[in-house]
Each structure stands twice: as structure tokens, then as C-alpha cells.
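Remarks on the structure that follows.
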Amino acid sequence: DAGVTQSPTHLIKTRGQQVTLRCSPKSGHDTVSWYQQALGQGPQFIFQYYEEEERQRGNFPDRFSGHQFPNYSSELNVNALLLGDSALYLCASSRTTEKLFFGSGTQLSVL
Amino acid sequence: ILNVEQSPQSLHVQEGDSTNFTCSFPSSNFYALHWYRWETAKSPEALFVMTLNGDEKKKGRISATLNTKEGYSYLYIKGSQPEDSATYLCAFYGGGATNKLIFGTGTLLAVQP
């Protein structure tokens, strides 16, 4: 049983570009959450998707958007990248409010 | 803004020492408190999900307690081993408008052989 998989593992972009990160949840999980972890901080909640809809959103600007597909996989899109968007982006899946299973993350560097 | 605070920020102990750290969270609208262990170069892994005031959970040498009325949880590690070295994160799950997991900044534990 594959766990949560994320792609790509590393990504380098320049300011102003757009990026799409992908996540496949653990089998049987219907909820996908995205987190940003900057250096020295705990994971910060970006948003959560359930039944293809954004159910909850953290304190992130509209440049951060997402999508969930019928197979429960999800994408995180960031437009107009800023240097401060450089971080580890973690995807986590769960069944509703149960414990999260995390992917290994996508390390995004914005130059 | 809801705050989840963890202390200490980091901890260095010798192999065999027992240790504990604290997670403080809002005492209102409580639904669950999660503990995760995050080893370097790996994904965070769930240790416990605690929902009831007074709850105690145990997994091997690691245990946790929960006080929802005063808004804190303790994580204990008995006889620390080098493989326990990791960042330990707690996360608060509230109901209503806070229906999302809010993480603390973690406690970095280093166990020296």
C-alpha cells in the first residue's frame, strides 16, 4: 500500500513564475491538507480539500490555490512566486479528522 | 489567531535520560490533540491522537497526557535512545471555525550516545 506521494521532490523557480505541486493520498483517504514549512517554523496550514472542494483555508494569499480530483489526488498551485515562498511543502492525507499521514514533501526554492 | 506553543524549543539529553516536553493550546473549542515525530529526511509520523480530558496514551517508551481544561499536553520519553532524536510536533484540532490542525513549532530532541 503506497503511502502519501508527492512530486516533484525538489524544484527551483525564479520570482514571478508559477508552480504546481502534486500529491497522491494514501489509499482509502478522502481528505488532503497542504502545509508550508519555512525554516525554523512548524508546518503552517495552507488549505484542506475534501470531496473536491476547499473545506478550510489558512492565512495564505490568493496566489495559493489548489484542486482535488475525483480520485482524491490534489494539486497546490502558487502564482507570482516570491522569494518568501521558498519552503518545504508537505501534503498530508487523512480520513476526515483522523491522524494525518504525510508525504515526504516538495522542497521549493525561489531565486 | 490561535496559538499552539511548544517548549522547550530544543533539548539535548544523554542516552538513558528520561525527558518530557510541553504543548500548550487553546482550552476552548477542543476536538483533538495530535503528536507527531519528525525525523530528519523523513515524513512526520503520527504518534498519538488524543481526544478526552485526562487521556493517557503510550507507545513503547513514549507516553502522553492531556489536560483539555487548562490547555496542555505532556509528551514523555523514558530512557531516551539515539533513535529518538527527532522534532516532536503537537497539533491542535478545534471544532467550528477552527476546524483544521494547527501545529506548534516543535521541540527538537537530540539524544547523545
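The values are calculated or read from the model by the stated rules, or taken from the named source; none is laboratory data. The model shown is predicted, which means the values in this text are computed figures rather than measured ones. Positions of Cβ are generated from backbone atoms using ideal geometry, with glycine treated the same way; all protein chains shown enter the neighbour counts.
Hey, which of the strands (runs of 3 or more DSSP E) in segment B:11-113, taking only ones fully inside, have at least 2 residues that are over 26 Å from A:Phe47 (Cβ atoms) and either under 13 Å from the mean Cα position of the chain (by Cα) or more than 14 Å from chain A (Cβ to nearest Cβ) (or both)?
Because the criterion is at least 2 residues that are over 26 Å from A:Phe47 (Cβ atoms) and either under 13 Å from the mean Cα position of the chain (by Cα) or more than 14 Å from chain A (Cβ to nearest Cβ) (or both), the strands (runs of 3 or more DSSP E) in segment B:11-113 that meet it are B:19-24, B:56-59, B:62-67, B:72-77, B:107-112.
From the residues in segment B:1-10 that are part of a loop (DSSP other than H, G, I, E, B) and modelled with pLDDT of 90 or more, which one is nearest to the other protein chains (Cβ to nearest Cβ)?
The qualifying residue nearest to the other protein chains (Cβ to nearest Cβ) is B:Val4.
Give the residue that is nearest to A:Arg55 (Cα to Cα), with candidates limited to residues of segment A:1-19 that are β-branched (Val, Ile, Thr) and loosely packed, with under 13 Cβ neighbours inside 10 Å.
So the residue we want is A:Thr9.
Condition first: hydroxyl-bearing (Ser, Thr, Tyr), under 10 Å from the mean Cα position of the chain (by Cα) and more than 14 Å from A:Val19 (Cβ to Cβ). Now tell me which residues in segment A:52-92 satisfy that.
The one that is hydroxyl-bearing (Ser, Thr, Tyr), under 10 Å from the mean Cα position of the chain (by Cα) and more than 14 Å from A:Val19 (Cβ to Cβ): A:Ser74.
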